[in-house]
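Encoded as structure tokens, the structure appears first; notes follow it.
The values are calculated or read from the model by the stated rules, or taken from the named source; none is laboratory data. Bear in mind that the values here come from a model prediction, so they are computed numbers and not experimental data. Heads up, the Cβs are rebuilt from the backbone with ideal geometry, glycines too, and the neighbour counts pull from every protein chain shown.
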């Protein structure tokens, strides 16, 4: 059985006896060179790593207010509302100033630390060292990050761990993608069942006729069609005396009571009724 020891770091707990501990500052140095995205292609630091700038990224006219990133550098977003956004760059480019860009100091396996920095435990520790006014605007800068204590396995073990994780995570991602594809197919099947039942009925052998309505198509011969306004009318009354504990939320396919304290069950505000 492998011997372990207490790391004396709450976020790490016990670690293998032969592992060492060090601060991030001893592993990485800060790259803090300002550049223009006219000279260095703009990149985005995302939860999936560093990629060419996303179309959805907020863009400004401050083309010269960017940070240089070189291939092999590690970059991490300093703000808590971008939690988990970090990675090793495969490109020379530029990132926004809210990112911290680091370059390895000496011998290490950067992929091992990339996995470590993507862990939820590290994310908690990273933001514990930060500061700010509210949780979603919490910032951890290099002067705080540099003091975080991290584990240091041997170079050989770093490589073994990184390779094993790459293989295992690739298989897991493939399984997740397959499950998501199956879920989408089941959702489509569910919708087709509903559509078929409400526009064709339950008897597949009943004689059909053209409804004369493009989106409906054929309907059972004995069915009629009418305008929606003949069976329902719009309610426009404003309920000014509504109690907070009796608010409702319009969701996909149903209306449910709103939990004021937890906001439970609500979709984004644009979907509220």
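Quick one: would you say residue 158 is within 23 Å of residue 14 (Cα to Cα), outside the structural domain of residue 39 (by TED's automatic domain parsing), in contact with a strand residue (DSSP E or B) (Cβ under 9 Å, 6 or more places away or on another chain) and not in a strand (DSSP E or B)? So residue 158 fits the description; yes.
All told, residue 20 meets the bar of being within 30 Å of residue 3 (Cα to Cα) and over 16 Å from the mean Cα position of the chain (by Cα).
Quick check on the stretch 55-66. Is at least one of its residues under 28 Å from residue 164 (Cβ atoms), touching a strand residue (DSSP E or B) at 6+ places or on another chain (Cβ under 7 Å) and surrounded by fewer than 16 Cβ atoms within 10 Å (Cβ to Cβ)? No. Evaluation of residue 210 against the conditions (1) in contact with a strand residue (DSSP E or B) (Cβ under 7 Å, 6 or more places away or on another chain); (2) surrounded by 15 or more Cβ atoms within 10 Å (Cβ to Cβ) shows that the sole unmet condition is (2). Here 52, 110 are screened, and the one residue that is more than 24 Å from residue 149 (Cβ to Cβ) and free of Cβ contacts under 8 Å to residues at least 60 places away in the same chain is 52. Being within 19 Å of residue 11 (Cβ to Cβ) and assigned to a strand (DSSP E or B), is that true of even one residue in the stretch 107-130? No, the stretch 107-130 contains no residue that is within 19 Å of residue 11 (Cβ to Cβ) and assigned to a strand (DSSP E or B).
In this entry, residue 89 is excluded by the filter for residues that are modelled with pLDDT of 95 or more, exposed (fewer than 14 other Cβ atoms within 10 Å of the Cβ) and closer than 22 Å to residue 141 by Cα. Evaluated against (1) surrounded by fewer than 19 Cβ atoms within 10 Å (Cβ to Cβ); (2) more than 20 Å from residue 153 (Cα to Cα), residue 107 falls short on exactly one condition, (2).
For every residue, the table says whether it meets (1) modelled with pLDDT under 95; (2) surrounded by 12 or more Cβ atoms within 10 Å (Cβ to Cβ); (3) in the same structural domain as residue 14 (by TED's automatic domain parsing).
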position: 94; (1), (2), (3): no, yes, yes
position: 97; (1), (2), (3): yes, yes, yes
position: 100; (1), (2), (3): no, yes, yes
position: 113; (1), (2), (3): no, yes, yes
position: 116; (1), (2), (3): no, yes, yes
position: 124; (1), (2), (3): yes, yes, yes
position: 131; (1), (2), (3): yes, no, yes
position: 136; (1), (2), (3): yes, no, yes
